[in-house]
Amino acid sequence: MQPTLLVVDDEPDMLQLLRRSLAPDLHCHVETAISGAKALEVLAATHVDLILADIRMPDMDGLELLELIKRQDPDQTVVMMTAYGSIEAAVAAMKQGACDFITKPFDHETLVVRLEKALERSLLLKENRRLQQECRQMDSFQDLVGGSDSMKQVFETIRTVAQTDLTVLITGESGTGKDLTARAVHSLSPRAKGPFVAVNCPTVPEHILESELFGYHKGAFTHAVHNKTGLFQEAQGGSIFLDEIGDVSPAIQTKLLRVLQEKEIKPLGSTRTITVDVRIIASTNQNLAEKIKRGEFREDFYYRLNVLPIRLPALREHPDDIPLIADHLLAKHCRKLNKSLRRLAPEVLAHFQSRPWAGNVREMENLICQGILFAQNDPIGLADLGLDPQTATTGQAVLDGLPQEYRAAKQQALRRFNEVFLGDLLKAHRGNVTQAAKACGLERQALQQVLRRYGIGADAFRNEQG
């Protein structure tokens, strides 16, 4: 595939001359633009490997165009053309990131040689980005990222577990990737062509959860005006993911135990059972053994669930993976948000390495999304993440003054994190829980549950300025 050269000049004759002469000599496709605005339109619609732009143009001059190009893509290769005697403008262009400049009138052969070198630079950068992407993919697995021994062990466990049809229990703190792990188990299993049905258990009220899981018949309760198929039936031939199973009531646990034992369900209002062919994958961020001791979780149900366990490490347990994960999230969300690929400043990566990450990868994802949206320049700095560059000691602040006993320290650190994080979140959205939930990647009911857990009321933030 031929590389593409974009020539920008306000003289139509010059554009035609350069198109005819450069295309065969550089073996490239040549696009032209009569103004800076037109050039930006071409760049928005076409992949361009090299830009040759005149400095002196009306409306938008070459330096302004260069600044806009570099803001969108810092790696774009640009060569500037300038009239003889305008060396100061050429030097300014080089300072702004131009690869080279050539003065008019120019010798055609000299121009071709200079553009060949610039094009070679551009293609080398492109190849470098491709190789970096390949390296990222080598350290990723089904959208989970990591090159540490602990993450490699997780990947290997997923591969092994996926080939069986037994029940899986995924454990790990919030934000460690339990949903991605469940999807990986399903997609690598013989059931991959079947449906994958995810149920976020804490977000569904108990009196509704049973009917959602098992379905109901018309007349089963007051508003049951027609038959409804349950999620277990929708997952027939595939997998059902019961996210945060530790939050379901003992009554629902009893009914799920029957499904695990008998492979059948009974819709509400029905006298007949229905056989289901569904693999159950469950997850929890809670200590189920402690819940069993308190009588909040059935022991027999736990042993039926915990046939094939997968434990996901907290981010602080594999800090060497933080740069890899940050790079992956940055590329992912730049694409999603339709932004040019950005970089993280060295001080941001240093801060990431020292941060305690109470919210794990999800917390990092939220910060990176904020940086992509609010950063005016590349690379993304601490201020773009809402952190004071002079006092970016969030990690140490969370840890300062904590008790030495692990569980107490963990609970206190989590409380501090949630009070600060959720307080800032609600303040930014003036107490609007729906908007806050959308911004931080939680379901509205899940966010409300966290707010109740830490005694944080949204009303106090409704009159504040965000």
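The values are calculated or read from the model by the stated rules, or taken from the named source; none is laboratory data. Every value quoted in this text rests on a predicted model; they were computed, and no experiment measured them. In this analysis, Cβ positions are derived from the backbone assuming ideal geometry, glycine residues included, and neighbour counts consider all displayed protein chains.
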Q.
Of everything in the stretch 171-210, what is assigned to a helix (DSSP H, G or I) and among the polar types (S, T, N, Q)? Give them in sequence order.
A. Thr181, Ser187, Thr203
(Q) Can you pull out every residue in the stretch 32-59 that is surrounded by fewer than 19 Cβ atoms within 10 Å (Cβ to Cβ) and either under 21 Å from Lys126 (Cα atoms) or under 36 Å from the mean Cα position of the chain (by Cα) (or both)? (A) Ala37, Lys38, Leu40, Glu41, Val42, Ala44, Ala45, Thr46, His47
Q | Residue that is buried (at least 19 other Cβ atoms within 10 Å of the Cβ) and either over 27 Å from Asn360 (Cβ atoms) or within 23 Å of the chain's Cα centre (by Cα) (or both), where the choices are Ile280, Ile322 | A | Ile322
**Q.** Lone qualifier among Ser122, Ser150 - being part of a helix (DSSP H, G or I), among the polar types (S, T, N, Q), crowded, with 20+ Cβ neighbours inside 10 Å and modelled with pLDDT of 85 or more
**A.** Ser122
Q. Of the residues Ser283, Ser270, Ser249, Ser340, which single one is under 17 Å from Val168 (Cα atoms) and not charged (D, E, K, R)?
A. Ser283
Q.
Under 8 Å between Cβ atoms, which residue pairs at least 6 apart in sequence (or on different chains) link something in the stretch 423-437 that is without any contact (Cβ under 8 Å) to a residue 60 or more places away in the chain with a partner that is in a helix (DSSP H, G or I) and among the acidic types (Asp, Glu)?
A. Gly431/Asp459
Q | Count - residues of the stretch 264-298 that are under 20 Å from Ala198 (Cβ atoms) and either assigned to a loop (DSSP other than H, G, I, E, B) or of a type in the set (D, E, K, R) (or both) | A | 6
(Q) For the stretch 237-263, which positions are small (Gly, Ala, Ser), assigned to a helix (DSSP H, G or I) and farther than 30 Å from Leu315 by Cβ? (A) Ala251
Q.
Residues to consider are Leu308, Leu341, Leu268, Leu324; find the one that is touching a strand residue (DSSP E or B) at 6+ places or on another chain (Cβ under 8 Å) and over 26 Å from Ser187 (Cβ atoms).
A. Leu268
Q: Within the stretch 313-360, track down each residue that is more than 27 Å from Thr157 (Cα to Cα), touching a Gly at 6+ places or on another chain (Cβ under 8 Å) and assigned to a loop (DSSP other than H, G, I, E, B).
A: Arg342, Ala345, Arg355
